[in-house]
Amino acid sequence: MKNYVLRYGLLGGCVSIGLGLFNWFFIASTLGHNASQFIGYLSLILALFCIPLGIRYFRDKLNDGAVSFGEGFKIGAGITFITSLMVFLYSALFFVFAGDDFNAWREKGLTQSELEQVRQQMVEMPEFVLNPWFQGFVMFLMAFLIGMIINLISSLVLKSTNKSAIPSK
């Protein structure tokens with residue numbers, strides 16, 4: 001694996017984890033569910049902005065100003081995978097260590113009828129849905145799919161050929 005793909009993938013994962021922890025400890029407890037959910041998605045998107053940064057780094061610093069769509073897409077897919085893998089590990093470990101606190105937080109502020117409805121839904125769910133590793137896998141898929149969309153757009157926007165590197169006839 002290329003060093004720059006690993007670097008930008010790890011950077012994206014660290015951004016996601018850092019903002020996720022900030023969200024849990026500061027936003028979720030003070031601003032509530034909607035703000036926390038918004039910050040969660042925003043942190044994931046910000047983390048995945050390492051994809052265009054990695055493609056641009058390859059194009060401008062390592063490949064003489066040129067990158068094809070295919071090269072950019074491969075670089076972005078690698079960064080996406082590493083970031084998504086870190087999101088998986090963080091999410092699974094979060095639910096292992098803070099799952100009960102998260103469930104209590106999620107139920108806080110609900111009316112009695114809403115609380116009963118949520119608890120009924122929880123009873124009807126298959127048991128594996130509450131497994132921390134399944135929760136991590138769901139987050140992996142979400143991060144990977146959003147990342148591949150950002151990757152596709154970035155690869156299209158950042159593709160270029162260096163005219164000075166092409167020999168003239």
Somewhere in the stretch 94-102, is a residue closer than 25 Å to L42 by Cβ, crowded, with 17+ Cβ neighbours inside 10 Å and in contact (Cβ under 8 Å) with a residue 24 or more places away in the chain? yes
Look through the stretch 11-46, keep the residues that are among the hydroxyl-bearing types (S, T, Y) and under 18 Å from the mean Cα position of the chain (by Cα), and return whichever of them is surrounded by the fewest Cβ atoms within 10 Å (Cβ to Cβ). Y41
Considering each of F94, F38, F81 in turn, give the residue that is at pLDDT 90 or above, part of a helix (DSSP H, G or I), farther than 30 Å from L110 by Cβ and out of contact with any Leu (no Cβ under 8 Å at 6 or more places or on another chain). F81
All but one of (1) in contact (Cβ under 8 Å) with a residue 60 or more places away in the chain; (2) farther than 16 Å from T83 by Cα hold for F38; state the number of the condition that does not hold. (1)
Considering only the stretch 51-82, state which residues are more than 15 Å from K2 (Cα to Cα) and out of contact with any strand residue (DSSP E or B) (no Cβ under 8 Å at 6 or more places or on another chain). P52, D60, D64, S68, F69, G70
Result of the Cβ filter at 7 Å on the stretch 55-78, keeping first residues that are more than 12 Å from L156 (Cβ to Cβ) and partners that are of a type in the set (V, I, T) and buried (at least 17 other Cβ atoms within 10 Å of the Cβ), at least 6 apart or interchain, is F58/V67; F58/I75; R59/V67; I75/V5; I75/I55; G78/V5
Anything in the stretch 11-34 that is without any contact (Cβ under 8 Å) to a residue 24 or more places away in the chain, over 22 Å from L89 (Cα atoms) and not polar (S, T, N, Q)? List them, or say none. L31
Exactly one condition in (1) closer than 18 Å to L145 by Cα; (2) at pLDDT below 95 is false for V15; which is it? (2)
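The values are calculated or read from the model by the stated rules, or taken from the named source; none is laboratory data. Remember, it's a predicted structure, so these values are computed and weren't measured experimentally. In this analysis, Cβ positions are derived from the backbone assuming ideal geometry, glycine residues included, and neighbour counts consider all displayed protein chains.
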